[in-house]
């Protein structure tokens with residue numbers, strides 16, 4: 001992600017772009033630098049910078065309180081969290097996962113010697129289609145990894161039923177979903193285990209970081225060992241493991257951000273409302289919103305463009321926005337099953353086609369949002385979208 005300032009790009013007419021500074025998706029939030037530097041200074045004074053330090057333990061405790069999960073174990077990043085979780089849960093063979101996700105979800109499985117079998121999504125929610133998941137279960141399947149996309153929780157009850165029926169693990173990639181819930185049940189407490197990401201682009205970040213959340217004490221114990229070279233409490237090596245520990249500096253950032261989570265979510269929500277109002281009435285344009293019974297952190301402002309109605313493809317709007325210093329992004333295009341290492345062996349990874357995935361990947365744009373983007377700037381972005389739809393050629 002590009003976050004440094006640079007000279008504005010030239011607009012197509014040679015005029016200056018609409019914004020003198022670049023507006024990016026996922027600009028890092030640093031809500032209280034003074035407190036962050038205080039915590040970092042305390043860690044430096046202690047000389048305890050990693051290996052389960054006091055800031056990491058405090059961050060884990062704060063996350064337990066916030067999510068309601070019985071156990072939360074901080075990791076170096078979200079990908080490492082998922083790798084450790086699937087290993088600790090004992091997954092083997094095939095694991096069903098959506099193609100419509102960041103490629104790290106699939107990579108974490110493949111990196112652990114598992115075969116990701118890509119399932120389709122419900123285009124309405126962007127999350128796993130339980131009926132397609134059911135059709136993909138084979139004797140080689142050991143688990144399901146759902147993705148709570150853009151803060152929208154998966155259809156947990158349906159997936160839980162499939163997992164229980166076939167004796168499968170049910171895990172979730174909740175990188176987008178800290179602070180989200182479904183029918184009063186908080187993300188972090190839904191599956192056998194769930195992972196969070198605290199990457200710099202997430203609304204709560206730890207520079208780099210992740211966590212595993214679970215209510216299963218035995219699974220938590222295994223995760224705790226495996227993230228630290230397999231060491232037990234007496235420093236004896238009890239199992240295979242890796243180095244997936246969070247350091248104290250990352251925990252300092254995570255703690256500082258977490259203290260301001262309510263105000264960050266409020267800022268996200270305000271910008272979502274500005275987008276909703278600014279895009280309302282544009283034919284063929286939809287701002288995605290939470291469903292019934294869902295609480296969303298509004299980390300992502302997700303616009304969907306239906307070319308059948310607008311006559312303009314999403315990529316034309318994207319190019320027009322980029323020319324104005326608005327760096328919207330395609331999430332997630334083209335889908336993991338179309339990416340090099342998986343497309344090359346599609347017979348292993350997925351029974352094609354995936355029509356819901358293919359359709360949504362062609363329509364979605366994620367727009368800059370969060371505290372780094374002022375509400376007035378959101379209003380101006382909406383004007384640029386409307387202008388692009390009325391002036392762009394009706395083809396890619």
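Read-outs throughout are calculated quantities, based only on the coordinates presented, and are distinct from any laboratory measurement. Treat the numbers as computed from the prediction; the structure is a model and nothing was measured. Note that we place each Cβ from the backbone using ideal geometry, even for glycine, and neighbour counts take in every protein chain shown.
When the helix-only estimate is applied to the chain (DSSP H runs of n ≥ 4, each -39,500 (n - 2.57), divided by the residue count), what is the mean residue ellipticity at 222 nm, nearest 500 deg cm²/dmol?
Values: 15 runs with 152 residues, N = 396.
So the helix-based figure for the chain works out to -11500 deg cm²/dmol.
Once you put a point 7 Å from the Cα of residue 239 and another 7 Å from the Cα of residue 61, both along the Cβ direction, what distance in nm separates them?
With each label point 7 Å from Cα toward Cβ, the separation is 2.6 nm.
Please report, for the Cα atoms of region 66-195, the Rg to one decimal and the Dmax as a whole number; what are they, in angstrom?
Over region 66-195's Cα set, Rg and Dmax evaluate to 13.2, 38 Å.
What ranking, highest mean first, results for peptides 362-369, 232-239, 79-86, 255-262 when packing means the other Cβ atoms within 10 Å averaged over each residue? Display every interim value, and only then the final one.
On the way: 362-369: 22.5, 232-239: 10.2, 79-86: 27.4, 255-262: 18.6.
Highest to lowest by the protection proxy: 79-86, 362-369, 255-262, 232-239.
Can you pull the three principal axis extents for the Cα set of region 297-361, in Å, largest first?
41, 27, 26
Top mean-square fluctuation among 21, 295, 155, Gaussian network model of the chain, C-alpha springs under 10 Å?
For the chain, modelled as a Gaussian network with Cα springs under 10 Å, the answer is 21.
Any chance you could check the Cα centroid distance between region 356-372 and region 43-82 for me, in angstrom?
One Cα centre to the other: 31 Å.
Stokes-Einstein at 20 °C, 1.002 mPa s, Kirkwood radius from Cα pairs: D for region 35-86 in µm² s⁻¹?
Working: Rh = 12.4 Å.
Translational D for this selection: 173 µm²/s.
What list of whole percents do you get for P(r) of region 261-391, with Cα-Cα distances grouped in 10 Å bins up to the one holding the largest distance?
Computed distribution, short to long bins: 12, 38, 31, 16, 3.
Express the Stokes-Einstein translational diffusion coefficient of region 119-160 in µm² s⁻¹, to the nearest whole number, given a Kirkwood radius over alpha-carbon pairs, 20 °C and a viscosity of 1.002 mPa s.
Values: Rh = 10.7 Å.
The estimated diffusion coefficient comes to 201 µm²/s.
Determine the distance separating the Cα centre of region 164-226 from the Cα centre of region 242-313; give it in Å without decimals.
Cα centroid of region 164-226 versus Cα centroid of region 242-313: 19 Å apart.
For the chain, what relative contact order do you get, as a whole percent, if you take Cα pairs closer than 8 Å and at least 6 residues apart?
Details: 847 pairs, mean separation 88.3, N = 396.
Across the chain, relative contact order equals 22 percent.
Using only Cα positions of region 141-299, each an equal point scatterer, no hydration layer, compute I(q)/I(0) via Debye at q = 0.11, 0.12, 0.16 Å⁻¹ and quote the log10 values to two decimals.
Result of the Debye calculation: -0.55, -0.64, -1.02.
Which residue fluctuates the most in the chain, going by a Gaussian network model with Cα springs under 10 Å, if the choices are 164, 315, 120?
Fluctuation is largest for 164.
What share of the DSSP beta bridges in region 33-258 is antiparallel, in percent to the nearest 5? If you can, show how the numbers build up before the last one.
Working: 15 of 31 bridges.
Around 50 percent antiparallel, to the nearest 5.
With axes computed from alpha carbons, what is the tilt in degrees of helix 375-391 against the longest principal axis of the chain, rounded to the nearest 10 within 0 to 90?
That helix lies at roughly 60 degrees to the long axis.
Just to be sure I understand: of the beta bridges DSSP finds with both ends in the chain, what percent are antiparallel, rounded to 5? Provide the component values of the computation, followed by the final result.
On the way: 25 of 43 bridges.
For the chain, the DSSP antiparallel bridge percentage is about 60.
For a quick size check, give me the Cα extents of region 33-258 along its three principal axes, largest first, whole Å.
Ordered largest first, region 33-258 gives principal extents of 56, 39, 27 Å.
Take the Cα atoms of region 123-223, find their three principal axes, and give me the spread along each one in whole Å, biggest first.
Projected onto its principal axes, the Cα set of region 123-223 covers 40, 36, 26 Å.
Go ahead and set up a Gaussian network model of the chain, Cα springs under 10 Å, then flag whichever of 114, 170, 352 fluctuates most.
Highest fluctuation among the options: 352.
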